[in-house]
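Let me begin by presenting the structure, written as structure tokens, before commenting on it.
Read-outs throughout are calculated quantities, based only on the coordinates presented, and are distinct from any laboratory measurement. The structure displayed is predicted, hence computed values, not measured ones. Quick reminder, even Gly has a Cβ in these numbers, built from the backbone with ideal geometry, and neighbours come from all protein chains shown.
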Amino acid sequence: MAGAGEMMVPANVMDFTRTAGGRKIMLMLGAAAIIAVMAAVWLWGQQPTYRVLFANFSDRDGGAIVAELEKMNIPYKYAEGGGALLVPANRVHDARLKLAAQGLPKGGNVGFELMENQKLGSSQFLEQVNFQRAMEGELARSIESLSAVQAARVHLAMPKDSIFVSEQKQPTASVLLNLHAGRVLDAQQVSAIVHLVASSVPELSPKNVTIVDQNGNLLSDTTRTANANGMDPSQIKYVQDYQQSVAKRIESIISPIVGAENVRAEATADMDFSRSEQAVESYKPNQTPDVMAIRSQQTSESQNGSASPAGVPGALTNQPPAPATAPITVPGQKPAVVAAPAAPTINTHKDSTVNYEVDKTIQYVQKAGGGLKRLSVAVVVNYRKTVDKTGKVAMKPLSPAEITQITNLVKEAMGYNQARGDTLNVVNSSFASPPPETIPDVPLWKQPQTIDLTMQTGKYLLMAVALLLLYLRMLKPMLKKIAEAPALPAPGHDTNLHPGGDMLALPGQRNYQENLARAQKLANEDPRVVANIVKTWVGSHE
């Protein structure tokens, strides 16, 4: 029996969960909890896969990009270390295009957009500094557009203008390049950068532009143009390009005959890069006088003569002699001899000088460098593959006629010149075929497509398992327990106070000690009721 000090619990106070309303409320709460957990699992399964939007960006660009992503309602997160910005994979390209339309990322260089933020009342010095910064940023952006350049910085030294010619100074520029891993710039690319910078700044000479890479190497040093053997790098490249061109021409003309994989050609060119100038003046032998060209001709003639004086000096002696008369001859007589007057003596002198043109040839020859002195070519041709009637594959050498034909074709392709000392060697031999490379088959479970499919399938399978466990371990036992709970009597109706009430039979709800305590308490409080109940039991079993 219970003591007098025990707290009395009214019989009509029942567990809330045993009522019909309580069962409904518990069912609704359980269903709501299950739906909430299912929604959480579903949202976890629908979480998008993130991809890299931009990496290795500056802090200023990162802040601007994040602000624009928030405006566009695009979720984002940072990779480990904050070196990359991730967005959902299905929105990567859309975000890049929209950000590019706004000029993001800017690459950390400030261009002419700096001039848009000019404040009212800024000094001329500040405007000049901003203009110089804008020029440096624009040049750096242009240089970074080259495939081999990862980042660039440009420093311009712009001296002040002076009215005195003697005090004027030329501007200078310095360029620091950060190249991609494994990439280098050749001399032509460095020269292109030099001229790009020099052409962008007024009065900037290319010799005043200095280019340095990230390793501290001076790329724009024009004084070191030759290597140890005295050849310029451009000359070495020219020789290599020429040799490759000859080998390519030979292989292209022989490949249709023997197959692309059955011919190999190599060429060695001996170039002469020396430059020479020669002036020649030659004279030819004199030609025949009738075809010779007369430059000048001079003729002079002089006469000198004297006569014996006769008669008395005076006017009569200056008269011309009388005409001669024939003598009268008599037959049988000899003619008389008449003495003739003495004739005067005359001396004549003639001089003639003729100058003829002399054949003369003046030749001025200037020989540029890069001439071919000697060319050596080696060609190897593989055996011909034949298949007999049984299907057996055999390798047979080419016939002498085919070798001769190939040799003639190679001579034409290489520009063979025997007087120059060119050499050609054509060899027909069997190629040593390397063992076939066995590419191991990638197992199905290692293929990227399979891995992605497995991850997606595993995600949905994990969702299904989680939902099933929630149902079997939580929802179903709760529903079963609520369904098995007996309905209690309504308030004000106590079966323990009626003789026919089966107060002690409470299946599955009260244990033995509880029933016994309630029976003892009822017997102490109202013995007559207990007596009536016992009487009723005894009467029912008679």
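Some observations on this one:
- FRET efficiency, Arg275 to Lys360 (Cβ-Cβ, R0 30 Å, nearest 0.05): 0.65
- Chain lengthening between Ala519 and Met72 when straightened (0.36 nm per residue, less Cα-Cα): 153.5 nm
- Net length gained if the chain between Arg528 and Ser234 were fully extended (0.36 nm per residue, minus Cα distance): 93.2 nm
- In this structure, the residue pairs whose Cα-Cα separation is over 31 Å, taken from Lys207/Lys373; Lys389/Lys411; Lys77/Lys446, are Lys207/Lys373; Lys389/Lys411.
- The calculated FRET efficiency for Ala187 paired with Val465, based on their beta-carbon distance and R0 = 51 Å, is about 0.20.
- Bridgeable lysines around Lys476 (alpha carbons under 24 Å apart, same-chain partners fewer than 8 residues away excluded): Lys24.
- Order by protection proxy (mean Cβ within 10 Å, highest first), peptides 183-193, 384-394: 183-193, 384-394
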